Every structure is written in structure tokens, then in C-alpha cells.
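Asker: First, the structure itself, so that you have it in front of you.
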């Protein structure tokens, strides 16, 4: 059995189908993300949020930042911020997942792989209280050590095909064709803060 290396948070978020990425971002407050970026990733904060009142930062702006910094870029600190905020918003699920995985080994960071029967038990237990989409997000964002094949089955149950390099290239090409110019300009949805 080969040991799978831990995926970076950027890679984990990139692996999400667009519908699940929207679900993940929809669970979080744009205001909170903007405020926390000032503490966690000052480069992202100054580039995208400086001059904006936090309560006026839109989901559209957050999606733009995620596109530039995570999907196209490599800002691991901003990706980790998104994961931490999502885990905080979904604290009950995060705690329940941790409790289930801790039954296998209390030192969860030492777990190399969770076999399919154990993974099935964990997911079955969690689906009593949580949506499968959120369980899948928790699994991906926290790099729960389910086998890739098991994660692919979960994605298929949700109606998503696992991303491959070919599908990512096709998606990127279609997004480039429809991408508006003026990427870093504020959208009409965002209002810069009064500078006076």
C-alpha cells in the first residue's frame, strides 16, 4: 500500500466541482473573509480588499479573489483561510468528523489511509445529521485520509465526475473565452470605503 502525500489546500479547493465551490463560499460571510485576510494574507488583503468597507464586500468579489489567488494562483495562506473559515462555520460537522476519525487513531495526523469499510461507516454515521455535500467538502478541505477511489464514489453519488487534467484544461479554456477584461477593477457590487 502506497502512502498518499497530503494535498495542499490550494490543490484541495481546485479539485472541487464548481457547484461545491459555490456551496463552500456561500456558507461563509464575505465580510469575515475580507477581515480575516488582513490578518492571514496581507498581500491578498491589500490587493483586493483595502479601501472597501468589510460589510460591502460581495460574494462576487470573493469569488473573483478565489479565482485569481487559488484557482489560477498559488496562495496557500488564502486557501487555508477559506478552509478555516468554512470549518468554523460548519463547526458541528468538523467536530463530528474529527470524533469519527479519532476512533481509528486519536492522533489523526498519523493516519495514512482510512480503508473503505471504515470510511463508509464514518460517512453513514455523519449523513444522519449532515448533508452529503458538506461531508464531501469537509473530507476534501481537511484532507481526511479516505482513499481517492472512495472520494470519487462520493463525488459520483453527488453527481460530479472527479476532475482530471483534461477536464481542467477544457474548463480553463472555456473560462478564458468568457472572462471579462479589467480583472482587478472593483465591480459595481462593491463599494469602496469613504477615504475622507
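All of the numbers you see were taken from the coordinates with simple rules; none came from a lab. Predicted, not measured: the structure shown is a model, and the values here were computed from it. Cβ atoms come from the backbone with ideal geometry, glycine included; neighbour counts cover every protein chain shown.
Asker: Under a plain spin-label model, where a point goes 7 Å from the Cα along Cα-to-Cβ, how far apart in nm are residue 102 and residue 32?
Answerer: 2.2 nm
Asker: How big, on average over all directions, is the shadow cast by the Cα convex hull of segment 91-157, in nm²?
Answerer: 4.0 nm²
Asker: What does the highest-first list of 103-115, 78-90 look like by mean Cβ count within 10 Å?
Answerer: Listed from highest to lowest mean packing, they are 78-90, 103-115.
Asker: Here's a follow-up. Please sort 92-98, 141-147 by packing, taking for each peptide the average over its residues of neighbouring beta carbons within 10 angstrom, highest first.
Answerer: 141-147, 92-98
Asker: Then there is this: Find the relative contact order for segment 91-157 and round it to a whole percent, using C-alpha pairs within less than 8 Å whose residues are 6+ positions apart.
Answerer: In percent, rounded to a whole number, it is 37.
Asker: Using packing as a proxy for protection, rank 29-35, 122-128 so that the peptide with the highest average count of other Cβ atoms within 10 Å comes first.
Answerer: Result, highest mean Cβ count within 10 Å first: 29-35, 122-128.
Asker: Full-extension gain between residue 161 and residue 120, please, as 0.36 nm times their residue separation minus the C-alpha to C-alpha distance.
Answerer: 12.8 nm is the gain from fully extending residue 161 to residue 120.
Asker: Continuing with the same structure: Starting from one equal scatterer on each C-alpha and no solvent at all, send me the Debye-based log10 I(q)/I(0) for segment 9-88 at q = 0.26 Å⁻¹, two decimals.
Answerer: Here log10 of I(q) over I(0) equals -1.47.
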